[in-house]
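Every number in this text was worked out from the coordinates using simple rules, so none of it is lab data. Owing to the predicted nature of the structure, the values given are computational and were not obtained by experimental measurement. Cβ sites come from the backbone with ideal geometry, for glycine too, and all protein chains shown count toward neighbours.
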Amino acid sequence: MTKYTIALMPGDGIGPELTQATLTVLTVIQTKFDIKLNMATADAGDMVFEQQGIALPADSLQTIKTSHACLKGPVGETAADVIIKLRQIFDLYANIRPLKAYPHAPATSPNIDMVFVRENTEDVYKGLEFTIGNDTTLCLRVITRKNCERIAKKAFETARLRNGKKKVTAIHKANVMRITDGMFKKICAETAQKYPDIQYTDMYVDSASMHLIRKPEDFDVLCTCNMFGDILSDEAAQLIGGLGMAPGANVGDDFALFEPIHGCAPDIAGKHIANPISMILSAKMMLDWLGERYNDTQCLQAANAIETAVVKTLASDQVVPDLGGKATTKTMAEAIAYAL
Ligand code: ATP
């Protein structure tokens, strides 16, 4: 039996509900695939801040450092002190956000199958904001050659490995941000030369936001800097049934953290109607990553099984109201576990 320690961060708002739902599925996975996931709680977020005066306590950080991977629910107002910090501390430079139209989910087109490969540690999210005098504020946009090269390579490798259209679209605003996005665009184009099997194109961010609505099935891999990828992936999630359908991975060379792409949804917290798929598919991505990193076929099979069970459940009436059913977060997760 393979054993992994997973740092588990339930988060705020709907986070604990989604975490419980995901654990229901992972319990079945462990028995069925003979995998042992030792869940080590690493609390962080708004509630922890209220209790301890710090959103990401040292002991939680230590738990994450000694784990194989981290599975995280969404965090509320303190997100910048938790997820943005974790991305920088662990150099999780690639944010992978797959968005796929599953049968029976309310997607705008059945052929949507794209993945955002978003730079995750710099851009205007670096946190370099200043005030000058009383009336002027500044925010620095940091774009480095190293991270452009890493994210472009990740995008092309992703396009090569996945069963998609073998296409990368780099998204930027290089006509206005000539130096920062100019370098990003240039490096994406240079990287494209090394991948003759992958079709390459680039698009201005405003045009991409329109094209996503008009013809989303055109996209395969979208390579972006930090902020554009954050915004466009939320937009694209709406095309496949909402943020509750959207999982994510924050990946570095040595560590990875998995979480839904959405926030903690305070408007529906405690109502038991949140769609658990975002976090259940994040756990699927975690098993895929563990499987590849540790050459573990059980994890890879388990990841596939989760996706199959999600597809099966979407075809049933055991789905939350967002997807047209009357199930709760908990009963939908139980249906996915049963489908396994
Ligand atoms: P953040 O800025 O922290 O990303 P946000 O302001 O984008 O957060 P979210 O918390 O992501 O807000 O929620 C946006 C909308 O999507 C809300 O109406 C919320 O209820 C809905 N939503 C988010 N996640 C889910 C989910 N898992 N299931 C159903 N609806 C969701």
Tally Lys and Arg at +1 and Asp and Glu at -1 over the other residues with C-beta under 15 Å from the C-beta of residue 320: what net charge comes out? -2
Seen from all sides and averaged, what is the projected area of the convex hull of the Cα atoms in the chain, in nm²? 17.5
Starting from the Cα gyration tensor of the range 240-340, take the square roots of the eigenvalues, sort them a ≥ b ≥ c, and report rounded, prolate or oblate (rounded when a/c is under 1.5, otherwise prolate if a/b is larger than b/c, else oblate). oblate
Once the piece of chain linking residue 304 and residue 66 is laid out straight, how much longer is it, given 0.36 nm per residue of separation minus the C-alpha distance between them? 83.0 nm
Counting each DSSP H run of 4 or more residues in the chain as -39500 (n - 2.57), what helix-only mean residue ellipticity at 222 nm follows after dividing by all residues, to the nearest 500 deg cm²/dmol? -13500 deg cm²/dmol
Cα gyration tensor of the range 72-159, axes a ≥ b ≥ c as square roots of the eigenvalues: rounded (a/c below 1.5), prolate (a/b > b/c) or oblate? prolate
Positive-end residue of 331, 6, 264, charge dipole of the chain with Cβ unit charges: 6
Cα Rg over Rh - the range 108-240, Kirkwood: 1.01
If packing is taken as the mean number of other Cβ atoms within 10 Å per residue, what is the order of 272-285, 204-217, 64-77, 323-336, highest first? 272-285, 64-77, 323-336, 204-217
Less than 11 Å Cβ to Cβ from residue 275, Lys/Arg counted +1 and Asp/Glu -1: what total charge do the surrounding residues give? -2
Please give the Cα centre distance for the range 218-256 versus the range 131-160, rounded to the nearest Å. 16
Is the shape of the range 5-148 best called rounded, prolate or oblate, per the rule: a/c under 1.5 gives rounded, else a/b larger than b/c gives prolate, else oblate, with a ≥ b ≥ c the square roots of the Cα gyration tensor eigenvalues? oblate
Give me the dipole magnitude in Debye, nearest 20, for the chain about the Cα centre, with unit charges on the beta carbon: positive for Lys and Arg, negative for Asp and Glu. 960
Based on the alpha-carbon gyration tensor of the range 150-303, what equivalent-ellipsoid semi-axes (square roots of 5 times the eigenvalues) come out, in whole Å, largest first? 27, 22, 14
